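Visitor: Submitted below is the structure of interest, expressed as structure tokens.
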Amino acid sequence: MLGLKMATDPRWINIVEKNLEDILIDHAFCEQKAASNAISMIVQYPHYPDLVSEMVKICKEEMEHFDMVHKKIIERGFSMGFERKDPYVKDLNLYLKQNHDNSSRESHFVNQMLFAAMIEARSCERFKILSEQLEDEDLKRFYRMLMESEARHFMTFLKFAKKYSSSIDVDARWKVFLAFEAGLMKKYGKEQSMHG
């Protein structure tokens, strides 16, 4: 369903097991950024009422997830710390800016939707790994629940990219973007972060 062309490096789960504090903190900030992204979509595209309604739902859900992750951090005696940079997200964004025309409003919109969809897809894949391979049973259940949510968000962003694009072949652009992301993943999966 996700269409990702490169699986996460299998050694990533071993890094996670040794760095649960870092993963949870990074995850909390990912949820916060996802909520901010949904708000940004509402501000930029108020003329798409169905998109606005869906972004409100996603924003609420992402903030609920942030709260849940924050509670896991506190329960384990960890502290939140400060936001870390996400090189994976930066690489995706840079690719879209450099390889697809952003001068037209439609192209910019499609790029934003595909960008969000890709992050949700990779997060979903990572959550699946965590739900199946973590030794911590509580976190396994937690990530199983979140995985299903990420999959829904992924589908939502792809749906809107197609719905509000009349002159762009969204499927073709998505296919090329998936190929780029697969190449990008060769350098990721080796760090104690949700996308690293």
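Visitor: Based on what the data block shows, is I58 farther than 28 Å from K186 by Cβ, without any contact (Cβ under 8 Å) to a residue 12 or more places away in the chain and part of a helix (DSSP H, G or I)?
Guide: no
Visitor: Return the residue satisfying two criteria in turn: it lies in the range 85-109 and is outside any helix (DSSP H, G or I) and over 16 Å from the mean Cα position of the chain (by Cα), and of such residues it is farthest from L158 (Cα to Cα).
Guide: S103
Visitor: Also, I was wondering about something else. Consider S193 against the criteria (1) in a helix (DSSP H, G or I); (2) in contact with an Asp or Glu (Cβ under 7 Å, 6 or more places away or on another chain); (3) hydroxyl-bearing (S, T, Y); (4) buried (at least 18 other Cβ atoms within 10 Å of the Cβ): it satisfies all of them except one. Which criterion is unmet?
Guide: Condition (1) is where S193 drops out.
Residue-by-condition table, conditions (1) surrounded by fewer than 20 Cβ atoms within 10 Å (Cβ to Cβ); (2) touching a Leu at 6+ places or on another chain (Cβ under 9 Å); (3) among the polar types (S, T, N, Q):
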{"position": "Q112", "(1), (2), (3)": "no, yes, yes"}
{"position": "M118", "(1), (2), (3)": "no, yes, no"}
{"position": "L146", "(1), (2), (3)": "no, yes, no"}
{"position": "H153", "(1), (2), (3)": "no, no, no"}
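Yes/no matrix, rows are residues, columns are (1) without any contact (Cβ under 8 Å) to a residue 40 or more places away in the chain; (2) exposed (fewer than 14 other Cβ atoms within 10 Å of the Cβ):
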residue: K85; (1), (2): yes, yes
residue: F109; (1), (2): no, no
residue: S123; (1), (2): no, no
residue: F160; (1), (2): no, no
residue: S167; (1), (2): no, yes
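All of the numbers you see were taken from the coordinates with simple rules; none came from a lab. Since the model is a prediction, treat every value here as computed from it, not as a measurement. Note that we place each Cβ from the backbone using ideal geometry, even for glycine, and neighbour counts take in every protein chain shown.
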